[in-house]
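Shown next, in structure tokens, is the structure this report addresses.
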Amino acid sequence: MKKLLILIPCFFFSEADAQEVQAVPVDKMNIIKTNVTAYAFRNINLSYERAINQWFSVNIGFGTMTQGKVPFINAFLKDEDEKRFQNLKVKATNFTIEPRFYIGKGYGKGFYFTPYYRYSDVSSNSFDFYYDYDAIDGNTYQIPLKGQGSTSGNSGGLMVGVQFFLTRSQNLVLDFWIAGAHYGSGKGDFTMTSDYVLTPEMQAQLKKEIENLDIPFVDYTVETNANGAKVKVDGPWAGFRSGLSIGYRF
């Protein structure tokens, strides 16, 4: 009788746990999503999440930003520096893989945290750049150049978020990326060519002008020659993530 009394509450607790697990149907293990907030920055994107078990899933995402103005360019370039980059446009692609660990009801529902890997590639159009050359005769001459290049980066990070099922059928999904950040390294080359033959003095001033741009989160070196300049990107690569995705579960 004592053993029976001990087993009865255990039975009820196990039944409650089973009902909690089964509250999320496990016959729908796939989710297709798109981050709707990213479209404000010309970022067309799609991701696929596959639940492996109750607590673990894998999310793979791809995004491409169509060619256009650099987002938030005023945040890292002064107004006078931004004016040097006339008609500058960029396009970008990224690929992200996220192993997700759920701490809520699971099977793709509730709070989660995810370490992730991201590959990014950014390239520019053929843009115009100029700098003011202070000649020894006391005059200032505007020297135009044509620029173009690309850079790519590999980074790893951590993000926390929460995912909801919005309908009774639990087909419509809302995925809120609360906050995430990644850090890694990037490499690339940008060239700037001039129709003028640059003297050593002109090259020295051009090198100084580009170095003084002081673009944040990016390390770069500048080499100049009689035809223009070459900018080599080789250093840290950092970024942040937040957004709101809508998806379909099947």
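Within the range 182-219, the set of residues being open to solvent by 40 Å² or more (accessible area, probe 1.4 Å) and assigned to a loop (DSSP other than H, G, I, E, B) comprises D195, Y196, V197, T199, N212, D214, I215, P216, F217, V218, D219.
Within the range 74-88, can you find the residues that are aliphatic (A, V, I, L, M) and either open to solvent by 60 Å² or more (accessible area, probe 1.4 Å) or out of contact with any Phe, Trp or Tyr (no Cβ under 8 Å at 6 or more places or on another chain) (or both)? Scanning the range 74-88 gives a single hit, A75. Of the residues making up the range 201-250, those that are over 25 Å from E49 (Cβ atoms) and polar (S, T, N, Q) are Q203, Q205, N212, T221, T224, N225, N227. Looking at F127, is it under 29 Å from G228 (Cα atoms), modelled with pLDDT under 85 and either surrounded by 12 or more Cβ atoms within 10 Å (Cβ to Cβ) or over 17 Å from the mean Cα position of the chain (by Cα) (or both)? No: the conditions fail for F127. Counting only residues that are crowded, with 19+ Cβ neighbours inside 10 Å and either closer than 30 Å to P200 by Cβ or among the hydrophobic types (A, V, I, L, M, F, W, C) (or both), the range 91-123 holds 2 of them.
The set of residues from the range 234-248 being modelled with pLDDT under 95 and either in contact with an Asp or Glu (Cβ under 7 Å, 6 or more places away or on another chain) or open to solvent by 70 Å² or more (accessible area, probe 1.4 Å) (or both) comprises D234, G235, P236, F240. Looking at this structure, is G228 closer than 24 Å to I97 by Cα and of a type outside the set (D, E, K, R)? No. For the range 54-91, the set of residues classified as of a type in the set (G, A, S) and without any contact (Cβ under 8 Å) to a residue 40 or more places away in the chain consists of G61, G63, G68, A75, listed by residue number.
Only residues that are within 30 Å of T66 (Cα to Cα) and free of Cβ contacts under 8 Å to residues at least 24 places away in the same chain were counted in the range 92-139, giving 1. Out of the residues in the range 134-181 that are of a type in the set (S, T, Y) and surrounded by 14 or more Cβ atoms within 10 Å (Cβ to Cβ), state the one that is nearest to Y112 (Cα to Cα). This residue is S155.
When T224 is tested against (1) surrounded by fewer than 16 Cβ atoms within 10 Å (Cβ to Cβ); (2) modelled with pLDDT of 90 or more; (3) assigned to a strand (DSSP E or B), only condition (1) is not met.
The values are calculated or read from the model by the stated rules, or taken from the named source; none is laboratory data. As the structure is a prediction and not an experimental result, all values here were calculated from the model. Here Cβ is always computed from backbone atoms with ideal geometry, including for glycine, and neighbour counts include all displayed protein chains. Surface accessibility is based on the protein's heavy atoms, side chains included, excluding ligands, DNA and RNA. Shrake-Rupley method; radii C 1.70, N 1.55, O 1.52, S 1.80 Å.
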